[in-house]
Amino acid sequence: MPRTDAATSARMAKQRRRDTKPEVALRRELHRVGLRYFVDKAPLPGMRRRADVVFPRRLVAVYVDGCFWHSCPQHATHPKNNAQWWADKLAANVARDRDTDRRLAEAGWTVVRIWEHEDPVIASERVVEAVRQRS
């Protein structure tokens, strides 16, 4: 791994893995409309990739993707320091997302991907629709 300066390391160490503001806002909306769910749970046994919100009885997994980490088409940025390392890292994140989607779909799950910049009310409507379709 390339060396990073202390300020960058400190900033990256503060990145939350769960309970980010967009996740909490989405969960608040889902709870408000009466849905109950699991948080930060692997949809499939033995799967090391955890979904942000899971409806196991309905086989719906929801991921709230950060614009930087998952290369949002609208808001992705590309660091200049260690540019190739970051390009490879972010491309691997996107490839892992697509592999996760494929594996869950093959297992009969519906995957809902939400960008962190999406309005939580509108995003929750997409989740509600996915859950209702699986009812």
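Criterion first (more than 15 Å from the chain's Cα centre (by Cα), at pLDDT 95 or above, surrounded by 12 or more Cβ atoms within 10 Å (Cβ to Cβ) and not hydrophobic (A, V, I, L, M, F, W, C)) does Arg132 satisfy it? Against the criterion (more than 15 Å from the chain's Cα centre (by Cα), at pLDDT 95 or above, surrounded by 12 or more Cβ atoms within 10 Å (Cβ to Cβ) and not hydrophobic (A, V, I, L, M, F, W, C)), Arg132 does not qualify.
Quick one: would you say Trp85 is open to solvent by 20 Å² or more (accessible area, probe 1.4 Å), of a type in the set (Phe, Trp, Tyr) and over 19 Å from Glu23 (Cα atoms)? Yes: the conditions hold for Trp85. When region 42-79 is filtered for residues that are assigned to a loop (DSSP other than H, G, I, E, B) and among the charged types (D, E, K, R), the ones remaining, listed by number, are Arg48, Arg49, Arg50, Arg57, Arg58.
Can you find a residue that is out of contact with any strand residue (DSSP E or B) (no Cβ under 6 Å at 6 or more places or on another chain) and in a loop (DSSP other than H, G, I, E, B) anywhere in region 94-109?
Just the residues of region 94-109 that are out of contact with any strand residue (DSSP E or B) (no Cβ under 6 Å at 6 or more places or on another chain), to begin with: 94-100, 102-103, 105-108.
Cutting the leftovers down to in a loop (DSSP other than H, G, I, E, B) gives us 107-108.
Yes, that holds for at least one residue.
Scanning region 42-65 for residues that are open to solvent by less than 70 Å² (accessible area, probe 1.4 Å) and out of contact with any helix residue (DSSP H, G or I) (no Cβ under 8 Å at 6 or more places or on another chain) returns Ala42, Ala51, Val54, Pro56, Leu59.
The values are calculated or read from the model by the stated rules, or taken from the named source; none is laboratory data. Here the structure is a predicted model, which is why all the values come from computation and not from measurement. Positions of Cβ are generated from backbone atoms using ideal geometry, with glycine treated the same way; all protein chains shown enter the neighbour counts. When the accessible area is computed, the model is the full protein with side chains, heavy atoms only, and any ligands, DNA or RNA have been set aside. Shrake-Rupley method; radii C 1.70, N 1.55, O 1.52, S 1.80 Å.
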